Amino acid sequence: MKSKGTNTNGVKIGLECHAQLLTKSKLFCPCSTDYHNSEPNTHVCATCLGLPGALPVVNEQAIRYGIKVALALGCEVQPEIIFYRKNYYYPDLPKGFQITQYDFPIALNGLVRIENAGDGGGKEREIRIRRVHMEEDPGRLVYKGTIDTAKYSLVDYNRSGIPLVEIVTEPDLRSPKEARIFLGKLRSILEYLGVFEGDLEGAMRVDANISVGGGERAEVKNISSYKGVERALSFEITRQKNLLRRGLVVKQETRHYDEVRGITISMRTKEFEHDYRYFPEPDLVPIRISDLVGEIRREIPELPDEKKRRFIAQYSITREHANALTFDINIANFYEEVASKTDAKLCATWVADVLKGELNYRAISMREASKRISAEDFVVILNYLKRGVITERGATEIIREMLDRGGNPDEIIRKKGLASIDSAEMEKAVLAVIKENKAAVDDFKAGKKEALNFLVGQVMKKTRGRATPQEVHRMVREKIGE
Amino acid sequence: MIRKEEIEHIGWLARIELSEAEKELFERQLSSILDYFAVLDELDTEDVEPTYHVIGIKDVVREDGAKEALSQSEVLRNAPKKEEGYFKSPRML
């Protein structure tokens, strides 16, 4: 990543993170939220289309989810919430305003701990949360071509009215990398709560406020991917620093992030905060939420930090493994299910290092993968490995085969001939290799250590990886010694 | 008193084009509305709770459940311009 060189003193970043909540219906109307694979404008009604006379009614579950998020982020939940109208004209808002919150949001003053420096440094940083509030998602604009060359925009209101929880941080982040780590942590927490699905397209969208060296801040809008955050911020820091270096000033302005080109563009907006003319939404009455807090607090599950500490204590695994295993709730659950039935340490290595690597390589999530490889399958594979029925290479091959084509471990072992060979068969292979490679054997006897590796390699080739290299090593030495 | 530039800005916020005559008209009308609020400003509201809603009802919510939406053709029926199931709108930045 490009964050090196931009990670210097004086960088202040605050984020406004918008996360779609997994309710069945929209925030103010009963349209389904399951729109991701649908034709445009098929999950729309009079309310989310902003037709005259339609009345919004608040979805209680959305409010409960919002409170849950606030509590998980250590916020103070407020006694009563009020919705406001934020007025501006843009085609993604059919009503000419967005229903959001202003004064009286769901919660204030939280805290999220992140581990800076994923490279083993493990320095903990505290990022303060300013507020958590609810709002409706605007519609989606589609441009033919790029945003600045398209002649018109196409509007799909399926997304209009999806409940969003907005999480606003204080400007406590110090680098683009920290911003990415923070977002990862936030995603992790939201998924633990079961209120968010980060893999869905557009599930998390971020606006960032950023300043350099105490100068004016620019707001970068439209960051819609986790990688995009780091890239957009790095670009923006470089842009601001170049201005300062040339003796120019950074203007306070709103900029649009162009994901394709990785740059930010001035939106030359003439709108300011007071132009939004926030006022209480007359169609929605205040909602008292104090009474819900106790009940919702009891629903909060073990969160990533606690789970990490417990994994280290309970399974005696390393901090790195615990980090890797607890980031995604689905991986954490998979690990625990397997670890409870076999060697927990061995399991940590095979889930955190091998399985996660294979998932990353295939760009699939654990949720997706668990349809092809179950915890029981994984227990079988690890037990075979422990008993020497298969080699490490064989185990890896079974995992790959199951992810790519399905099947079960026993079947794959049979079909691909992955069962480890017994010592008689290995001895046969070793003796054959010694006989066929006289020159190498002589080299080894003459003190050339590399010759041994060559011989071991030949045996591995002959046995198609079904022997354990360490044992082949031992046996080759033994046989040459004789 | 409200200035002409403010009238123009308000027009821009509403994306409404105003003629010179309209600007003068709205300048007069909005000024008189603001003058009236200036009268209200004279009231002492020190010990009065702010009013956020004029009806005394609270806590109106509904259960989370999805119902059938309108059909795409119905949704687009009032659209002056459409394309491939989308509303077509001027490009804005």
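The values are calculated or read from the model by the stated rules, or taken from the named source; none is laboratory data. What you see is a predicted model, and the numbers here were worked out from it, not measured in a lab. Note that each Cβ is placed from the backbone with ideal geometry, even for glycine, and that neighbours are counted across all protein chains shown. Keep in mind that these areas ignore ligands, DNA and RNA; they rest on the heavy atoms of the full protein, side chains included. Shrake-Rupley method; radii C 1.70, N 1.55, O 1.52, S 1.80 Å.
When B:L18, B:L70 are checked against the criterion of being within 8 Å of chain A (Cβ to nearest Cβ), outside any helix (DSSP H, G or I) and of a type outside the set (G, A, S), a single residue qualifies: B:L70. Residues in the stretch A:58-77 that are within 8 Å of another protein chain (Cβ to nearest Cβ) and open to solvent by 50 Å² or more (accessible area, probe 1.4 Å): A:E60, A:Q61.
If you go through the stretch A:284-303, how many residues are within 10 Å of chain B (Cβ to nearest Cβ) and either hydrophobic (A, V, I, L, M, F, W, C) or part of a loop (DSSP other than H, G, I, E, B) (or both)?
Qualifying residue count for the region: 5.
Can A:S365 be described as surrounded by fewer than 17 Cβ atoms within 10 Å (Cβ to Cβ) and at pLDDT below 90? When the stated conditions are applied, A:S365 does not pass them. For the stretch A:1-32, a residue qualifies if it is among the aliphatic types (A, V, I, L, M), open to solvent by less than 70 Å² (accessible area, probe 1.4 Å) and at pLDDT below 95, and exactly one does: A:V11.
Of the helices (runs of 4 or more DSSP H) that lie entirely inside the stretch A:423-482, those containing 3 or more residues that are within 22 Å of A:G394 (Cβ to Cβ) and in contact with a helix residue (DSSP H, G or I) (Cβ under 6 Å, 6 or more places away or on another chain) span A:423-436, A:450-462, A:469-481.
Okay, residues lined up against (1) assigned to a strand (DSSP E or B); (2) under 28 Å from A:G184 (Cα atoms); (3) in contact (Cβ under 8 Å) with a residue 60 or more places away in the chain:
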residue: A:P56; (1), (2), (3): no, no, yes
residue: A:A62; (1), (2), (3): no, yes, yes
residue: A:L71; (1), (2), (3): no, yes, yes
residue: A:K95; (1), (2), (3): no, no, no
residue: A:L108; (1), (2), (3): yes, yes, no
residue: A:V112; (1), (2), (3): yes, yes, yes
residue: A:R125; (1), (2), (3): yes, yes, no
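Restricting the stretch A:240-261 to residues that are basic (K, R) and either under 30 Å from A:V58 (Cα atoms) or touching a strand residue (DSSP E or B) at 6+ places or on another chain (Cβ under 7 Å) (or both) leaves a set whose member that is least open to solvent (accessible area, probe 1.4 Å) is A:R255. Among the residues making up the stretch B:7-25, those that are within 20 Å of A:Y276 (Cα to Cα) and open to solvent by 70 Å² or more (accessible area, probe 1.4 Å) are B:E8, B:I10, B:W12, B:R15, B:I16, B:E17. Scanning the stretch A:262-282 for residues that are out of contact with any Lys or Arg (no Cβ under 7 Å at 6 or more places or on another chain), surrounded by 14 or more Cβ atoms within 10 Å (Cβ to Cβ) and either more than 10 Å from every other protein chain (Cβ to nearest Cβ) or among the hydrophobic types (A, V, I, L, M, F, W, C) (or both) gives a single hit, A:I263.
Of all residues in the stretch A:227-248, those satisfying the criterion of being of a type outside the set (V, I, T) and under 22 Å from A:I181 (Cα atoms) are A:K227, A:G228, A:E230, A:R231, A:A232, A:L233, A:S234, A:F235, A:E236. Considering each residue of the stretch A:459-473 in turn, none proves to be surrounded by fewer than 16 Cβ atoms within 10 Å (Cβ to Cβ) and at pLDDT 85 or above.
Only residues that are within 14 Å of another protein chain (Cβ to nearest Cβ) and either loosely packed, with under 12 Cβ neighbours inside 10 Å or of a type in the set (D, E) (or both) were counted across the stretch B:38-59, and they come to 9.
The condition of being more than 20 Å from the chain's Cα centre (by Cα), closer than 28 Å to A:I82 by Cα and free of Cβ contacts under 8 Å to residues at least 60 places away in the same chain holds for only one of B:A38, B:A21, B:A79, that being B:A38. Here A:R277 fulfils each of the conditions (1) over 17 Å from the mean Cα position of the chain (by Cα); (2) in contact (Cβ under 8 Å) with a residue 12 or more places away in the chain; (3) more than 30 Å from A:A232 (Cβ to Cβ) apart from (3).
One residue stands out in the stretch A:139-175 among those that are facing another protein chain (nearest Cβ under 8 Å) and closer than 23 Å to A:S234 by Cα: the one that is farthest from the chain's Cα centre (by Cα), namely A:D148.
Can we say B:L76 is over 30 Å from A:I289 (Cα atoms) and more than 14 Å from chain A (Cβ to nearest Cβ)?
Against the criterion (over 30 Å from A:I289 (Cα atoms) and more than 14 Å from chain A (Cβ to nearest Cβ)), B:L76 does not qualify.
Just give me the residues in the stretch A:44-57 being within 9 Å of another protein chain (Cβ to nearest Cβ) and open to solvent by 30 Å² or more (accessible area, probe 1.4 Å), in sequence order.
A:A46, A:L51, A:V57 - these are the residues of the stretch A:44-57 that are within 9 Å of another protein chain (Cβ to nearest Cβ) and open to solvent by 30 Å² or more (accessible area, probe 1.4 Å).
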